Amino acid sequence: MSSPAVHVLPARSWAADVAAEFGRRLIQQPRLRICLPTGDTPAPLYAALAEMAIRGELSFALATIILLDEYVDLPVGDPARGASQVRHDLLDRLPSGPARFHAIRVDELAPERAAAELDATTADGLDLALVGLGLNGHVGFNEPGSTAQSPTRVVPLSRASVQVATAEYGAKRAPSTGITLGLARILEAAEIWLLVTGERKADVLRRALEEPETPDCPASFLRRHARLHVFADDAAADLLTSA
Ligand code: GLP
């Protein structure tokens with residue numbers, strides 16, 4: 001197993017630094033096929049990317065963006081919905097949209113069919129998977145109990161994820177179910193960037209990177225990937241012995 005590249009960045013410049021790195025990646029490969037997470041961690045990164053796009057420093061015009069995960073049982077337009085968040089935090093701010101944006105079609109399709117569609121959309125492989133880290137070690141909605149073989153699927157949400165949806169993302173009611181890109185598909189991406197910020201993520205990041213891999217902390221399986229880059233701010237990296 002190769003060691004991940006851990007980039008520890010000052011909290012004040014984390015978003016701008018990761019955005020600059022992303023900008024270089026997009027210039028190298030304008031037709032990038034990426035999956036994007038939602039949540040509090042990537043929001044400042046997306047704001048920085050949108051500002052770069054407005055200044056003409058990067059363009060998503062040829063890129064394909066695929067949503068990493070979505071709630072099944074929140075109404076259209078609920079602020080916690082993944083599609084709402086990625087539109088609000090990134091897409092609506094861009095001067096011109098990406099070539100394609102794949103939301104997870106929970107409103108039009110039965111959950112299993114929406115999950116199957118997400119899986120088919122990613123079957124040819126992603127160039128880059130951007131993922132966040134849940135406080136319980138989840139990646140997307142690959143909750144504890146998930147393994148490196150977990151497929152793209154409909155999942156019951158952990159209590160922690162339900163709590164975050166209502167308390168942090170402003171969900172108007174408590175969701176119970178989600179759809180997530182499976183860890184197996186995430187691990188098939190050519191490259192993975194794990195985005196982690198804040199002191200409250202320090203212990204789970206340490207578990208993910210430095211303890212033996214385990215379904216109790218699904219993010220620990222990301223270390224199997226030869227091109228895993230961890231972009232952590234100094235607060236999140238505080239408990240790492242290796243960084
Ligand atoms: C959420 C989402 C994930 C996200 C993670 C961390 O519940 N399902 O896609 O990456 O939890 O969220 P945050 O960045 O808000 O801490």
query: Residues in segment 231-243 that are under 13 Å from Glu210 (Cα atoms) and in contact (Cβ under 8 Å) with a residue 60 or more places away in the chain: how many?
result: 4
field: Criterion violated by Asp92 - all others in (1) surrounded by 14 or more Cβ atoms within 10 Å (Cβ to Cβ); (2) free of Cβ contacts under 8 Å to residues at least 60 places away in the same chain; (3) more than 16 Å from the ligand (Cβ to nearest atom) satisfied
entry: (1)
field: Unmet criterion (only one of (1) touching a residue at least 60 places away in the same chain (Cβ under 8 Å); (2) within 16 Å of the ligand (Cβ to nearest atom); (3) open to solvent by less than 30 Å² (accessible area, probe 1.4 Å); (4) over 17 Å from Ala47 (Cβ atoms)) for Ala83
entry: (1)
task: Could you check how many residues of segment 117-160 are touching a Pro at 6+ places or on another chain (Cβ under 7 Å), free of Cβ contacts under 8 Å to residues at least 40 places away in the same chain and closer than 20 Å to Trp193 by Cβ?
output: 0
- prompt: In segment 107-144, which residues are more than 13 Å from the ligand (Cβ to nearest atom), closer than 28 Å to Gly23 by Cα, open to solvent by less than 40 Å² (accessible area, probe 1.4 Å) and not in a loop (DSSP other than H, G, I, E, B)?
  reply: Leu118, Thr121, Thr122, Leu128
- request: Mind listing just one residue for me: the one in segment 48-80 that is in contact (Cβ under 8 Å) with a residue 40 or more places away in the chain and of a type in the set (Val, Ile, Thr) and, of those, surrounded by the fewest Cβ atoms within 10 Å (Cβ to Cβ)?
  value: Ile54
message: Can you report the number of residues in segment 167-221 which are within 12 Å of the ligand (Cβ to nearest atom), part of a loop (DSSP other than H, G, I, E, B) and under 25 Å from Leu239 (Cα atoms)?
response: 3
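The values are calculated or read from the model by the stated rules, or taken from the named source; none is laboratory data. Because the structure is a prediction, the values reported are computed rather than measured. Note that we place each Cβ from the backbone using ideal geometry, even for glycine, and neighbour counts take in every protein chain shown. For the accessible areas, the whole protein counts, side chains as well, though only heavy atoms, and no ligand, DNA or RNA atoms are used. Shrake-Rupley method; radii C 1.70, N 1.55, O 1.52, S 1.80 Å.
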